[in-house]
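Heads up, the thing below is written out as structure tokens.
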Amino acid sequence: MQRYSINVGFFLLALTLIGAAYAGLLDNYTLTVLMFMGINIIFASSLNLVNGYMGEFSCGHAGFMCVGAYVGALLSLALFGGGKPFGPPLLPPELAVFFFPLVLIAAGLVSALFGLLVALPSFHTRGDYLAIITIAANYIIISVIENIDAIGGPRGLSGMKKNINAMSDFFEAPWMFIWVILVTFVCVIILYRLVTSTCGKGVSAVCQNEVAAEIMGVDTNRVKIMAFMLSSGLAGVSGALYAHVYGYVNAQSFNILKSTEGMVMVYLGGMGSLSGVVMAAVAFTLLVEGLRFAIPALNGVLHDLSLLPASFEVSQVWKWVIIPLILILLMQFRPEGLLGNRELTHVFPRLKKWVSFK
Amino acid sequence: MALLELDAVSQRFGGLKALTDFSISLEEGELVGLIGPNGAGKTTVFNLVSGFYVPSEGAITFAGRPTRGLKPHQVTALGMARTFQNIRLWNDMSVLDNIRLAHYHRLGYGLADAILRTRRYRQAEKDIERESRKILEVMDLADFAGEFPKNLPYGLQRRVELARALSTRPRLLLLDEPAAGLNSADVDGLIRLIRWIYEEFKICIWMIEHQMKVVMSLCQRLMVIDFGITIASGTPKEIQNNPEVIKAYLGDSAL
């Protein structure tokens, strides 16, 4: 029962969501929020592999998302047209639905290669120094992309939506939603299977005592390469999804603020807790969306009570005061996050009947 | 042929010569001690043998292979295991997981198998689980399989570390001060445990130890180093009466 329960559970959940979307029970706004939830789940839980399980401090995770977004967008535009940088499409738009998974995989593979950028210096440095290297890598990636005019430069790329819409010619369905939901579940299952295997526990061994890991036969350099590449590869996949959900990419969307969002989700959920980070990603997405309504409401109330001068408006920019503030409060009062490095099964032992994190 | 051979090994750290012309040859099935005052270079010898340091001069051969250029995990895979002076367990992983991870170098499956949960993965994990439970059983640790090492008393942590080292299936086991921090009752238990491991697993054991009681009752022969130089070697009896050794430990005026 344990062996299949998690897959079956995920499958049923995915089926329910997709079914509801297909039947038109969910409006466009709800669909968009759910899609960003999925993207955030992939982004945060892949960062968790490095920052949580391996105990490194990667601050530039959005850089890999950026690579994935651009690779995904460029491939999509090259294969099916719709954008400026390329000439006529290489394939007819009817094939878009079959090639989209390949686009995602390619985006993941290229991002994984960029993950080596960070993995190789990590052999010699840890902690603060590696954190600086990852920030630098984030900036290098963004600056390089912004300065290549052939791929849009600072203007970004657009036109990917057309390819998603083309999928509906093949079969009428909320395709983008389906892809995001399926890919999110696949990514979470990949990470779950990794961290519960003896092979993946080598990652935690490197975190908890690198010397002991090496002496007990764990090839620590290989483990680091594997973790960084898998982590950045999945971030790339989330980037490719992001590009297609928005239909537009711009390198500046993946700057240090985006990386910070990832870290907030990881530290909110608990480093080294897969279930915690998934919950945190869901909560964070809801929070960001909630603020979209809460801030104007608050603004209105404060003005009605004449607590604010009429010339001062509380704008959406305050989101970036509130979110870092959450991070500060979290570090003060619960530095280990919601679940620490425990899983849901430790908090609710009855779940053990269904899922095992052993 | 010797299991482990060190031939005139020297190690320099900058201007400091931590070890000078150290030679030893260990045969299969021996129980040998390495003693010397604090800072004599004993742990340096173990770090060289296990591949953490590359010797400045000299050659190390283990199981018929020169180990120069091998990483510690590759040396482990050749059949060498080690415990540490200050216990180095993975503290946020259960005791069982600590033992399981010691099988890492012969997992027999890769990342793809783990993600796809292939038959090879399931078989390997089943074998690892069975063997780990077995070693916990024989080491009297079965009751603590689910505990985190950091919550165990010191003596038990030592035992977990020994069980973990044995799980790599070594031919040579290096013990770096196994009795450090144990009270005298625990030390007696440790002596029995090491003797039992030695007889049960039929492996070669090389140990660094300060407590004379331990080395005298266990080791067949001893080497003494001081300031990185070998000053004596022989049976425990011979060593006990060696004036050089007494001088190194107690100073000139003791004679």
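Here are some notes:
- Peptide B:109-120 shows a mean partner chain C-beta count of 4 within 10 Å per residue C-beta.
- Residue exposure sequence - B:Ile87, B:Ile225, A:Ile140, A:Ile42 - by fewest surrounding Cβ within 10 Å: A:Ile140, B:Ile87, B:Ile225, A:Ile42
- Relative to the 2.2 N^0.38 Å rule of thumb, region B:155-255 has a C-alpha radius of gyration ratio of 1.17.
- Entry note, chain B: the mean residue ellipticity at 222 nm calculated from DSSP H runs of n ≥ 4, each adding -39500 (n - 2.57), is -11500 deg cm²/dmol after division by the residues and rounding to the nearest 500.
- For region A:302-358 versus region B:42-121, the gap between their alpha-carbon centres in whole angstrom: 41
- If the convex hull is drawn through the Cα atoms of region A:1-149, its volume per residue in Å³: 163
- Per the Debye calculation on the protein assembly as shown with a single equal scatterer at every Cα and no solvent contribution, log₁₀ I(q)/I(0) for q = 0.05, 0.08, 0.10 Å⁻¹ amounts to -0.30, -0.68, -0.93.
- Segments B:50-60, A:192-202 sorted - mean Cβ within 10 Å per residue, highest first: A:192-202, B:50-60
- Cβ-derived FRET efficiency at R0 60 Å, B:Arg68 paired with A:Glu336, nearest 0.05: 0.85
- Scattering curve values for region A:210-358, log₁₀ I(q)/I(0), Debye with Cα scatterers, q = 0.10, 0.13, 0.16 Å⁻¹: -0.54, -0.85, -1.13
- Principal axis box of region A:10-256, alpha-carbon based, largest edge first, Å: 58, 45, 29
- Pairs exceeding a 21 Å alpha-carbon distance, out of B:Lys150/B:Lys202; B:Lys42/B:Lys134; A:Lys201/B:Lys202; B:Lys213/B:Lys247; A:Lys201/A:Lys224: B:Lys150/B:Lys202; B:Lys42/B:Lys134; A:Lys201/B:Lys202.
- Projected over all directions and averaged, the alpha-carbon convex hull of region A:157-250 occupies 7.7 nm².
- Computed from the Cβ-Cβ distance with R0 of 35 Å, the FRET efficiency linking A:Asp169 to A:Val33 stands at 0.85.
- The spacing between region B:223-252 and region A:48-106, judged by their C-alpha centroids, is 68 Å.
- Candidate lysines - alpha carbon under 17 Å from A:Lys319, same-chain residues fewer than 8 apart omitted: A:Lys258
- Pairwise FRET efficiency - B:Lys213 versus B:Ser10, Cβ, R0 = 51 Å, nearest 0.05: 0.95
- In order through region B:76-93: 3J(HN,Hα) via Karplus (6.51 cos²θ - 1.76 cosθ + 1.60), integer Hz, x for Gly, Pro: 4, 5, 6, x, 10, 10, 8, 10, 10, 4, 9, 3, 10, 9, 8, 6, 9, 10
- Proximal aspartates and glutamates relative to B:Lys71, as straight alpha-carbon distance under 14 Å, when same-chain residues fewer than 8 apart are discounted: A:Glu210, A:Glu214, A:Asp219
- Counting only other chain Cβ atoms within 10 Å of each residue's Cβ, the peptide A:196-208 averages 6.
- Between A:Ala14 and A:Tyr129, residue separation times 0.36 nm minus the direct Cα-Cα distance comes to 37.3 nm.
- Taking every residue in A:17-23 and counting other chain Cβ atoms within 10 Å of its Cβ, the average works out to 0.
- Multiplying the residue separation of A:Ile105 and A:Phe57 by 0.36 nm and removing their Cα-Cα distance gives an extension gain of 14.7 nm.
- Contact order relative to length of region B:17-110, as percent, for alpha carbon pairs under 8 angstrom and 6 or more apart: 18
- Label-point separation in nm, A:Val288 to B:Ser56, each point 7 Å along Cα→Cβ: 5.6
- Ascending count of other beta-carbon atoms within 10 Å, so fewest first, for B:Arg120, B:Arg158, B:Arg106: B:Arg106, B:Arg120, B:Arg158
- For region B:1-87: rounded, prolate or oblate by the Cα gyration tensor [a/c cutoff 1.5]: rounded
- When peptides B:19-26, A:296-303 are sorted by average Cβ neighbour count within 10 Å, with the highest value leading, the order is B:19-26, A:296-303.
- Rounded, prolate or oblate (a/c below 1.5 giving rounded, otherwise prolate when a/b exceeds b/c) for region B:35-143 by Cα gyration tensor: oblate
- Highest-first packing order for the peptide set B:241-251, A:127-137, A:229-239 is A:229-239, A:127-137, B:241-251, based on the mean count of other beta carbon atoms within 10 Å.
- ³J(HN,Hα) computed for each position of region A:245-251 - Karplus, 6.51 cos²θ - 1.76 cosθ + 1.60, integer Hz, glycine/proline x: 5, 6, x, 7, 10, 8, 4
- Normalised by residue count, region B:4-254 yields a Cα convex hull volume of 141 Å³ per residue.
A short reminder: the numbers here are calculations on the coordinates, not readings from a lab. Since the model is a prediction, treat every value here as computed from it, not as a measurement. Glycine also receives a Cβ, built like all others from the backbone with ideal geometry; neighbour counts cover every protein chain displayed.
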